[in-house]
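Report on one structure; see the data block that follows.
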Amino acid sequence: MDDSKLTTFTSKELIEKILKLKKQKNAVLLAHYYQIPEIQDIADYVGDSLGLAQIASKSKADIIVFAGVHFMAETAKILNPDTKVLLPDLEAGCSLADSCPREDFAKFKARYPNHKVISYINCTADIKTLSDVICTSGNAKQIVESFPENEKIIFAPDKNLGGYINKITGRNMLLWDGTCEVHDILSTEAIINLKVKNPDAKVVAHPECKAQVLELADFVGSTTAMLKYTMENSSNKYIVATETGILHEMHKNSPDKEFLIVATDETCSCNDCPYMKMITLEKIYLSLENEKPEINLPDDIMKKAELPIRRMLDISMKMNLIK
Ligand code: 13P
Ligand code: SF4
């Protein structure tokens, strides 16, 4: 089947075909909250990076179709070496992962031989092999605090998340100079403008945002944590400093509340990750039908990268962050 034939299928038809193929092939569709609503609605599981890693680690499916970006599908493959892991578009990368090339990071690490390395999951499998433990935005504080206070630590690749964790834990981790292009661009001006017009709204922000933005927030957390906050908090209005996709779950869980995304410019009320939005219903259908593009990694990389990911899952389990 080539792409051109797909234009004849409606979204409804594509959804029917995906659901049928999933059943036939014992496949699961895992989706991040930044996927388009139509994909979130047919996924077997929708979550943040921590939830997705945990679900992937427990998967019994023959095929995992990952509606997310490359480092997420890689993590699923590392945790399930014998499972076929499909990423419907191999170009779906991540600016944060790209900001930390292996060679440069290896040189940086060599300059600080007595430091432990904590890497944010938004990095390549190569960087994971150079790490002692992985973290996500949902457990970064607890992972950092699992090390003794005087431990010397390198945190990579997100300097905004690392800086925020330094601030709330009082640590002084060395930070790799990487950012997420979707969160780093959000400005204090855009938030203040929304706040002036909506003084009763609470501000929620993802820790990949700049420190100045986080200072304006009533709540800082991972996508799942922000979602939970908006469900439990008594306010009826929220200014949301993260990617647009999360609004779908926020609206679903709190239909009577209002959510205002912090936009990057005045032409839209959106802030989309261009990599997450490369995944479409058409591409999911094609990848399931053809069982490609598949994620494959050399065995030695898989083995070395698995260790720090498993450490993260173990610590998160012990701390009741996951069940
Ligand atoms: P979480 O969903 O884990 O908070 O991560 C956000 C993100 O940028 C994923 O790429
Ligand atoms: Fe990477 Fe940022 Fe997109 Fe997440 S939102 S995949 S960190 S570029």
Order the peptides 91-104, 140-153, 39-52 from the highest to the lowest mean number of other Cβ atoms within 10 Å of their residues.
-> 39-52, 91-104, 140-153
Gaussian network model of the chain, springs between alpha carbon atoms under 10 Å - residue of V28, V196, V204 with greatest fluctuation = V196
Calculate how many DSSP beta bridges within the chain are antiparallel, expressed in % of all such bridges and rounded to the nearest 5.
-> 5
Rounded to the nearest 10 Å², the accessible area of M173 using a 1.4 Å probe with every protein chain kept is 10
Tell me, what HN-Hα J-couplings in whole Hz come from the Karplus equation 6.51 cos²θ - 1.76 cosθ + 1.60 at θ = phi - 60° for each residue of the range 144-156, using x for Gly and Pro?
-> 4, 6, 6, 9, x, 4, 8, 5, 8, 9, 9, 10, 9
Dipole check, the range 123-234, charges on Cβ (K,R +1; D,E -1), about Cα centroid: among S131, G178, M231 the Cα furthest to the positive pole belongs to M231
With a bin width of 20 angstrom, please list the P(r) values of the chain as percents of all Cα-Cα pairs, from the 0 bin to the one holding the largest distance.
-> 32, 58, 10, 0
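How much of the accessible area of the range 173-238, probe 1.4 Å, is carbon plus sulfur, in whole percent? Can you show the working numbers first?
On the way: 1640 of 3030 Å².
Ligands and nucleic acids excluded, carbon and sulfur give 54 percent.
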Give me the Kirkwood hydrodynamic radius of the range 201-323 in Å, from all C-alpha pairs, to one decimal place?
-> 17.4
Please state the charge dipole magnitude for the chain, taken about the Cα centre, from unit charges on C-beta atoms (+1 on K and R, -1 on D and E), reported in debye and rounded to the nearest 20.
-> 980
Quick one: Cα centre-to-centre distance for the range 16-78 and the range 115-143, in angstrom?
-> 22
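The values are calculated or read from the model by the stated rules, or taken from the named source; none is laboratory data. Everything numeric in this text was worked out from a predicted model, so none of it was measured. In this analysis, Cβ positions are derived from the backbone assuming ideal geometry, glycine residues included, and neighbour counts consider all displayed protein chains. These area figures cover heavy atoms from the full protein model, side chains too; ligands, DNA and RNA do not enter into them. Shrake-Rupley method; radii C 1.70, N 1.55, O 1.52, S 1.80 Å.
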